[in-house]
Amino acid sequence: MKHLLGIVAWVAVAAVGALALATIAWHRGEPISATWFVLAAVCTYLVAYRLYSAFLAAKVLALDNTRATPAERRDDGRDFVPTNKWVLFGHHFAAIAGPGPLVGPTLAAQFGYLPGTLWLIAGAAFAGCVQDFVILFCSIRRDGKTLGEMAKDEVSKRGGTIAQLAVLAIMIILLGVVALVIVNALKSSPWATFTLAMTIPIALLLGVYLRFLRPGRVIEASVIGVALVMFAVVAGQWVADAPAWAAKFTLGGVTLAFALIAYGFAASALPVWLLLAPRDYLSAFIKAGAIFSLAAGILLVRPHVLMPPLTRFVDGNGPVFAGKIFPFCFITIACGAISGFHSLISSGTTPKMIQREGHARFIGYGAMLLESFVGVMAMVAACAMTPGVYFAINSPATVVGATPDLAAATISSWGYPLTADTMAALAHSVGEQTLWNRAGGAPSLAVGMAHIFSRTIGGERLLSIWYHFAIMFEALFILTVLDAGTRVGRFMVQELLGRVWKPIGRMNWYPAIVLSSGLIVAAWGYFLYQGVVDPLGGINSLWPLFGISNQLLAAVALVVATSILLKMGKLKWIWVTLAPMTWLVVITMTASYQKIFSANPRIGFLSYANALGAQIAAGKIPAAKIGEMQRVMFNQRLDAAVTAVLAVMFLVLLVEAVIDWHAILARGKEAKLHETAYVATQWAEGD
Amino acid sequence: MGPKPKKHGRSGHGNSTFLVSLGMTLSRLWQGLREWSGDAAYETYVRCARKHRVATVLTREEFYVEQLQRKYSRISRCC
């Protein structure tokens, strides 16, 4: 009877999910309620978790709870710490959730709400969650080895090096592009700039508190820190209202870029307890709080989604970024559906803390479902504003026109009515001087979040506070990615250079620290600077580059996972990783090809460079601007080269893996698996 | 609070009153929050060091700095 009830309940969940998906897919005309998005996502997640992840756990991976995990065998109180399933879920989620699932869907909203939402949901269930889960499982079975080490053991020695280089490359591009998102959110905004600047002294204060006054008392320090940051959000308004102060904090893109580069260098070279760690604690609490509040806000307010399901920009001429739905919707969404970066967390900290193999399903598959939900919420927040406003915030001036009246006319001519007064009133209501041309996703998401929050608490009066709270929340955890990433990048550079000249590899030698920190910030700082000065807005070039590198890393992870499944004798189920891998190969290779060779200058790096060259040759560029345009041309060619190198590196790994698979399947080569030996758990059944 | 049982058996408070079980739930949530945030890391370490009879146990301050060094030397945050 109970069994029957269970079946009925699951059929009901599936039916509601199907109804909600059908509603958002076929709805036309009147604006649709966000409730349908939440229902479609949550019901699909529940069914996918109940059925697909159970199938993966039982049939494909055969999780074994009698097998001792690395945390049990090596229990050292430091890295290998057996951790409660729920706590580890939170830990893993906090590690994988970054700005990607917020920014990607916001940008992809230019195609309309439908393509992005469907890919967020389906991509997570069949690709992203599978990758996170399988890589976590593989790493648990190998004492917590990293993706690079597993690629070396299970694919080829070269595969390991390629994975390592790919990680470094994606890290540099990632840091450049997320820094650009902050710059676009802060430029000409004294309020937001002041608030974010204040988080630095607040973090230093907490650093001293946690190091000398109350070592390791993270919660109490974070409570103090969060209170101070909230005060800084409010105080930002006073700064913006005082002309003398406002002038000091009103900065242009280039100044902000150099400030961020200096910050990244300091965070990497200073002792970690002083700046990096306390900011990370602060950001973890604010991130968790803001994500929960956004979910609660969407459920309470149930905003209407004003963006149409599909916009005219599915044709590839979108103002936010150029390129057709296939492949650019998938490349742009990236992290909310599948993120290669997650495979580094799944083969990093988490496998060393897991108590039982069986928990890998909940933590690996489950946490990614939640990440996908964050992406769906970002999509709802971006699509809940008038489409005209969305395009005004996210389009560069070179596409829509430099003056408000001109830009409003352009956007209205696309069929998304907008007046310059609407934008002026909106900017005023959120306490900003202007909201035009702020590509990058952060400001439009903040406007969306502020509307949702203010309809829950405070109304119009608090709109500006909520807007700056949202900007602070995004910027704060982008900064956390920036400083933690710079530091890890520094270690990678030191390790690589240490192979050439040993002293550079010494982690405590100050000249080596300064040199390697300098190299890594120079690398991402270069991409950031090129984005800031790019006439097309930077995001148009850099976000696809980031998306391609991220999805290529996911493809690397799925190649490794496929090799391992094959060697485990799971040929029958090989499609669970082979199918998403093939899909990623198709989208990344198509996107790479188009970004390099497309004849459309807004898509192809090379044709953009050539178009600028032709303009210079034809004398259409003023003499004073020629030097600047030549730098833009160089940057475009550099981006083309980076894309090509990444694609070729991946193809080398893929070919090596395919040769190995062929040898195992057709020539009977011994499938040597590098798992650690089975050790029976000493822990009682339960949990 | 108290030390967290490693073996997750349900402790026998099935018949206790609503308030007691509410208290238990809150204390578990609090403990979970402490473990999630790293607030309880030192206690976990000391428990582990005692279990394995480690000769020199780090002080709270030493452990805090050492743990941060390790944590931020590898990828701990994602995009």
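The values are calculated or read from the model by the stated rules, or taken from the named source; none is laboratory data. Model, not experiment: these values are computed from the prediction. Please note: Cβ atoms are built from the backbone with ideal geometry, for glycine as well, and neighbour counts cover all protein chains shown.
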(message) Please verify whether A:Tyr113 is touching a strand residue (DSSP E or B) at 6+ places or on another chain (Cβ under 8 Å) and among the hydroxyl-bearing types (Ser, Thr, Tyr), treating the condition exactly as stated.
(response) yes
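Scan segment A:608-631 for residues that are surrounded by 19 or more Cβ atoms within 10 Å (Cβ to Cβ) and under 31 Å from the mean Cα position of the chain (by Cα) and report the count.
To start, the set of residues in segment A:608-631 that are surrounded by 19 or more Cβ atoms within 10 Å (Cβ to Cβ) comprises A:608-609, A:612.
Still in the running and under 31 Å from the mean Cα position of the chain (by Cα): A:608-609.
Count: 2.
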(request) Among the residues of segment A:654-687, write down those that are surrounded by 13 or more Cβ atoms within 10 Å (Cβ to Cβ) and within 14 Å of chain B (Cβ to nearest Cβ). (result) A:Thr681, A:Trp683, A:Asp687
(message) Could you list, ordered by first residue, the pairs with Cβ atoms under 9 Å in which the first is in segment A:284-312 and at positive phi and the second is crowded, with 22+ Cβ neighbours inside 10 Å, at least 6 apart or interchain?
(response) A:Arg302/A:Ala34
(message) Quick check on segment B:25-35. Is at least one of its residues closer than 19 Å to A:Asp280 by Cβ, of a type in the set (D, E, K, R), within 17 Å of the chain's Cα centre (by Cα) and surrounded by 13 or more Cβ atoms within 10 Å (Cβ to Cβ)?
(response) yes
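Is it the case that A:Gly225 is surrounded by 19 or more Cβ atoms within 10 Å (Cβ to Cβ) and farther than 25 Å from A:Trp524 by Cβ?
Yes: the conditions hold for A:Gly225.
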(request) Please work out which residue is nearest to A:Gln682 (Cα to Cα), limiting yourself to segment A:357-371 and to residues that are buried (at least 22 other Cβ atoms within 10 Å of the Cβ) and among the aliphatic types (A, V, I, L, M). (result) A:Ala360
(request) Check off (1) within 14 Å of another protein chain (Cβ to nearest Cβ); (2) at pLDDT 95 or above for A:Gln164 and give me the number that stays unchecked. (result) (2)
(message) Quick test of your reading of the structure: A:Ile170 fulfils all but one of (1) under 30 Å from A:Ser563 (Cα atoms); (2) out of contact with any helix residue (DSSP H, G or I) (no Cβ under 6 Å at 6 or more places or on another chain). Name the failing condition by number.
(response) (2)
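Quick one: count up the residues across segment A:599-625 that are touching a residue at least 60 places away in the same chain (Cβ under 8 Å) and among the hydroxyl-bearing types (Ser, Thr, Tyr). Walk me through how you get there before you give the answer.
Step one: filter segment A:599-625 for residues touching a residue at least 60 places away in the same chain (Cβ under 8 Å), giving A:600, A:602-603, A:605, A:608.
Going one step further and asking which of them are among the hydroxyl-bearing types (Ser, Thr, Tyr), we end up with A:608.
Qualifying residue count for the region: 1.
Please find, among A:Leu646, A:Leu638, the residue that is in contact with a Leu (Cβ under 6 Å, 6 or more places away or on another chain) and within 18 Å of A:Ile173 (Cβ to Cβ).
None of the others qualify; the one that does is A:Leu646.
Consider A:Ile478 carefully, then state whether it is within 16 Å of A:Ala192 (Cβ to Cβ) and among the β-branched types (Val, Ile, Thr).
Working: within 16 Å of A:Ala192 (Cβ to Cβ): yes; among the β-branched types (Val, Ile, Thr): yes.
Yes, satisfied.
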(request) Kindly list, by first and then second residue, each pair from a residue in segment A:97-121 that is away from chain B (no Cβ under 14 Å) to a residue that is among the polar types (S, T, N, Q) and in a loop (DSSP other than H, G, I, E, B), limited to pairs with Cβ atoms under 8 Å and residues at least 6 apart or on different chains. (result) A:Gln110/A:Thr311; A:Phe111/A:Thr311; A:Gly112/A:Thr311
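Within segment A:198-221, track down each residue that is within 30 Å of A:Leu435 (Cβ to Cβ) and within 11 Å of chain B (Cβ to nearest Cβ).
Pass one, segment A:198-221, residues within 30 Å of A:Leu435 (Cβ to Cβ): A:198-203.
Scanning segment A:198-221 gives no hits.
Quick grid of which residues meet (1) surrounded by 13 or more Cβ atoms within 10 Å (Cβ to Cβ); (2) of a type in the set (D, E, K, R); (3) on the phi > 0 side of the Ramachandran plot:
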{"site": "B:Ala41", "(1), (2), (3)": "yes, no, no"}
{"site": "B:Arg53", "(1), (2), (3)": "no, yes, yes"}
{"site": "B:Thr56", "(1), (2), (3)": "no, no, no"}
{"site": "B:Glu62", "(1), (2), (3)": "yes, yes, no"}
(message) Can you confirm whether A:Phe491 is surrounded by 18 or more Cβ atoms within 10 Å (Cβ to Cβ), within 22 Å of A:Ala442 (Cα to Cα) and within 14 Å of chain B (Cβ to nearest Cβ)?
(response) no
(message) Looking at segment A:65-88 only, could you name the residues that are under 14 Å from A:Phe362 (Cα atoms) and more than 9 Å from chain B (Cβ to nearest Cβ)?
(response) A:Asn65
(request) Specify which of the listed residues (A:Gly518, A:Gly531, A:Gly525, A:Gly537) is over 17 Å from the mean Cα position of the chain (by Cα) and not in a helix (DSSP H, G or I). (result) A:Gly537
(request) Please go through segment B:38-79 and pick out each residue that is assigned to a loop (DSSP other than H, G, I, E, B) and more than 7 Å from chain A (Cβ to nearest Cβ). (result) B:Ala40, B:His52, B:Arg53, B:Val54, B:Ala55, B:Thr56, B:Val57, B:Leu58, B:Thr59
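Conditions tested, residue by residue: (1) under 23 Å from the mean Cα position of the chain (by Cα); (2) within 13 Å of another protein chain (Cβ to nearest Cβ); (3) surrounded by fewer than 16 Cβ atoms within 10 Å (Cβ to Cβ).
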| residue | (1), (2), (3) |
| --- | --- |
| A:Val181 | yes, yes, no |
| A:Asn184 | yes, no, no |
| A:Ser189 | no, no, no |
| A:Leu196 | yes, no, no |
| A:Ala232 | no, no, no |
| A:Ala235 | no, no, yes |
| A:Ala240 | no, no, no |
(message) Given (1) touching a residue at least 40 places away in the same chain (Cβ under 8 Å); (2) surrounded by fewer than 23 Cβ atoms within 10 Å (Cβ to Cβ); (3) within 14 Å of another protein chain (Cβ to nearest Cβ), identify the lone condition not met by A:Leu496.
(response) (3)
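Here is a list: A:Ala54, A:Ala94. Which entry is at the interface with another protein chain (Cβ under 9 Å from one of its Cβ atoms) and either among the acidic types (Asp, Glu) or closer than 28 Å to A:Leu118 by Cβ (or both)? If you could, list the steps in order and put the result at the bottom.
Details: A:Ala54 fails: at the interface with another protein chain (Cβ under 9 Å from one of its Cβ atoms).
Criteria check complete, one pass: A:Ala94.
Within segment A:140-160, can you find the residues that are under 24 Å from the mean Cα position of the chain (by Cα) and either part of a loop (DSSP other than H, G, I, E, B) or away from chain B (no Cβ under 14 Å) (or both)?
Applying the first criterion (under 24 Å from the mean Cα position of the chain (by Cα)) to segment A:140-160 yields A:144-151, A:160.
Of everything in segment A:140-160, those that are under 24 Å from the mean Cα position of the chain (by Cα) and either part of a loop (DSSP other than H, G, I, E, B) or away from chain B (no Cβ under 14 Å) (or both) turn out to be A:Gly144, A:Lys145, A:Thr146, A:Met150, A:Ala151, A:Gly160.
For segment A:328-406, which helices (runs of 4 or more DSSP H) that fit wholly inside it have 2 or more residues that are farther than 27 Å from A:Thr35 by Cα and not polar (S, T, N, Q)?
Numbers: elements: A:342-346, A:367-383, A:387-394, A:397-400.
Hits in segment A:328-406: A:342-346, A:397-400.
Can you pull out the helices (runs of 4 or more DSSP H) entirely within segment A:1-84 that have at least 1 residues that are small (Gly, Ala, Ser) and at pLDDT below 95?
Working: elements: A:2-26, A:35-47, A:70-74.
Qualifying helices (runs of 4 or more DSSP H): A:2-26.
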